[in-house]
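The structure appears below as structure tokens.
The values are calculated or read from the model by the stated rules, or taken from the named source; none is laboratory data. Note that the coordinates shown come from a computational prediction; the quantities given were computed from them, not determined experimentally. Note that we place each Cβ from the backbone using ideal geometry, even for glycine, and neighbour counts take in every protein chain shown.
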Amino acid sequence: MENGTIYLVGAGPGDPDLLTLRAARLIERASIIVHDGLVSADILALASPSARLISVAKKRSHHTLPQDEINRLLIREAKAGRDVVRLKGGDPLIFGRGGEEAELARACGVEVEIVPGISAANAAAAAAQIALTHRDAASIVSFVAGQCKGLSDQNWTGLAGKGRTLVIYMGVKTAPQIAEKLMADGLSPDMPLAIVENASRPEMRMIRGLLAELPDLVAAHRIGSPALIVIGEVTARSDAELAAQAAEAAA
Ligand code: SAH
């Protein structure tokens, strides 16, 4: 029997309109979908009523299915001749362990196709109208993971500051350590930032503030997952700058 194919599919940030056509088609015709907790109910609703939906939701504190069991599940289904859609929030290759799953599949001789998705950084930037790069404010953008494991060992020196935008995934729980780490690296406590929660979803919220306020903002607004922290001058294009541009455009 021929192996099935594993499709590693990016589901984007939650709004079904932000799926690629390829992703939507694969979801609609799939008979097995293995999905993360981040994949929204609206997107899962596109699946056929006869499809088998398997949730492998990962939460920071309790892993429903450890990664090696997810790997085994994917390989077992593919080796039984079934195509599997492995659906992940955002883009599968950005903090999504898509790389690990693709490598293992290749090692086991199972064909993999990767379908990119709109990553949370792109979705949050668009929804909150924050340009991640801007000719007047930033020519470098970095994506980092802010979860606890190894946070203090990660070298973020130079990733944030003047002319640079830093986007932090999974950073809500560790916001106090993140603010401390960046200030210890020399970033100004006055550096502006935005927190974007539930980007692209109806319940989206955006909160702006300064680096020194980050832990208080997260606590005061009870920011929950999923949320991104964007740090840099692009988050605070001032009203004065916008007014000057409007005047120039009208002249
Ligand atoms: N592969 C995903 C990221 C997975 S890591 C992607 O490319 O987007 C999970 C983290 O992504 C969350 O902790 C959060 O920081 C971020 N995230 C995912 N969806 C989000 C959304 N709709 N709004 C804000 N942040 C989101």
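Could you list, in sequence order, all residues of region 94-108 that are over 27 Å from Ile168 (Cα atoms) and either within 11 Å of the ligand (Cβ to nearest atom) or touching a helix residue (DSSP H, G or I) at 6+ places or on another chain (Cβ under 9 Å) (or both)?
Within region 94-108, the first condition is being over 27 Å from Ile168 (Cα atoms), and the residues that meet it are 104-108.
Result: Leu104, Ala105, Cys108.
Val56 satisfies every condition listed in (1) within 14 Å of the ligand (Cβ to nearest atom); (2) in contact (Cβ under 8 Å) with a residue 40 or more places away in the chain; (3) crowded, with 18+ Cβ neighbours inside 10 Å except (2).
Mind listing whichever residues of region 31-41 are modelled with pLDDT of 95 or more and outside any loop (DSSP other than H, G, I, E, B)?
Filtering region 31-41 for residues modelled with pLDDT of 95 or more gives 31-35.
Selection gives Ile32, Ile33, Val34, His35.
Could you please find all residues in region 220-236 being small (Gly, Ala, Ser) and in contact (Cβ under 8 Å) with a residue 24 or more places away in the chain? Within region 220-236, Gly224, Ser225, Ala227, Gly232, Ala236 meet the criteria. Remark: Asp17 falls outside the filter, which requires a residue to be in contact with a helix residue (DSSP H, G or I) (Cβ under 6 Å, 6 or more places away or on another chain) and part of a helix (DSSP H, G or I).
Candidates Ala236, Ala227, Ala175, Ala194: the one that is closer than 19 Å to Thr133 by Cα and within 15 Å of the ligand (Cβ to nearest atom) is Ala194. Residue under question is Ala145, and the condition is that it be within 12 Å of the ligand (Cβ to nearest atom), within 26 Å of Ser40 (Cα to Cα) and surrounded by fewer than 17 Cβ atoms within 10 Å (Cβ to Cβ); does it hold? It is true that Ala145 is within 12 Å of the ligand (Cβ to nearest atom), within 26 Å of Ser40 (Cα to Cα) and surrounded by fewer than 17 Cβ atoms within 10 Å (Cβ to Cβ). Please specify each residue of region 1-15 satisfying the condition of being surrounded by fewer than 22 Cβ atoms within 10 Å (Cβ to Cβ) and away from the ligand (no atom under 13 Å from the Cβ). Passing the criteria: Met1, Glu2, Asn3, Gly4, Thr5. Screening Val110, Val115 for residues that are at pLDDT 95 or above, of a type outside the set (Phe, Trp, Tyr) and more than 19 Å from the chain's Cα centre (by Cα) leaves exactly one candidate, Val110.
Taking the numbered list (1) closer than 15 Å to Ala194 by Cα; (2) crowded, with 17+ Cβ neighbours inside 10 Å; (3) at pLDDT 95 or above in turn, Thr133 passes all entries but (2).
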